[in-house]
1. In the range 19-72, how many are in a loop (DSSP other than H, G, I, E, B), out of contact with any Lys or Arg (no Cβ under 8 Å at 6 or more places or on another chain) and either closer than 10 Å to Val8 by Cβ or not basic (Lys, Arg) (or both)?
2. Of all residues in the range 63-73, count the ones that are open to solvent by 60 Å² or more (accessible area, probe 1.4 Å) and in contact with a Cys (Cβ under 9 Å, 6 or more places away or on another chain).
3. So for the range 78-94 (the condition being modelled with pLDDT under 85 and either surrounded by 13 or more Cβ atoms within 10 Å (Cβ to Cβ) or hydroxyl-bearing (Ser, Thr, Tyr) (or both)), does at least one residue qualify?
4. Just to be sure I understand, how many residues within the range 3-22 are closer than 12 Å to Leu51 by Cα and free of Cβ contacts under 8 Å to residues at least 24 places away in the same chain?
Amino acid sequence: MDALYTAVFEKILSSCGGGGYAIIDIGEFFDAIPDGGRKAIGEIEAALKYLQKSGCIDIKYARGDVYCVCVLKDSLPEEPETKKQTAAVLEPKEKPDKKCLVLYSLCSFLGGAAGSLAACLIAAAL
C-alpha cells in the first residue's frame, strides 16, 4: 500500500479515537505525511476517495479544505492478488487434425470468394 494512503488513513484513525466523525483540515493531512512526502492537494483528495471506495472511511462532507470523516474499518485493505499475478496462457489439450485445418482454410477461402462475387454482382446490377 502506498505511504500516502497509509498516512491519510492513520491520521483519520487517530482523529476519530472513540468513533464518530472528525473534522480534519487539509493541512493536518499534509502534517501527517512522512518527511519528504509533500503531496499536492489533488493527491490527498484521491487518497480520500480511494479510502472511501474501499470502505475504510466515510466522508460526510467536504467543504473547501475541510473534511468531515469517520473510520469504518480498523485497518487498510491489502492489495488485491490480481495485480501480482500474471495472466496464465491456456494451452490447447489436443492439436487440431491437419485435415480439419485444411477444411477450415478451404471453407474460409470459398466464403470470402462467394462474398466478393455477390458484392460484384450487386455493383454491376446498379
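The values are calculated or read from the model by the stated rules, or taken from the named source; none is laboratory data. Small disclaimer: the values here were computed from a predicted structure and weren't measured. Backbone-built Cβ (ideal geometry, glycine too); neighbour counts: all protein chains shown. The accessibility values were calculated without ligands, DNA or RNA, using every heavy atom of the protein model including side chains. Shrake-Rupley method; radii C 1.70, N 1.55, O 1.52, S 1.80 Å.
1. 12
2. Here the count works out to 2.
3. yes
4. Of the residues in that region, 1 qualify.
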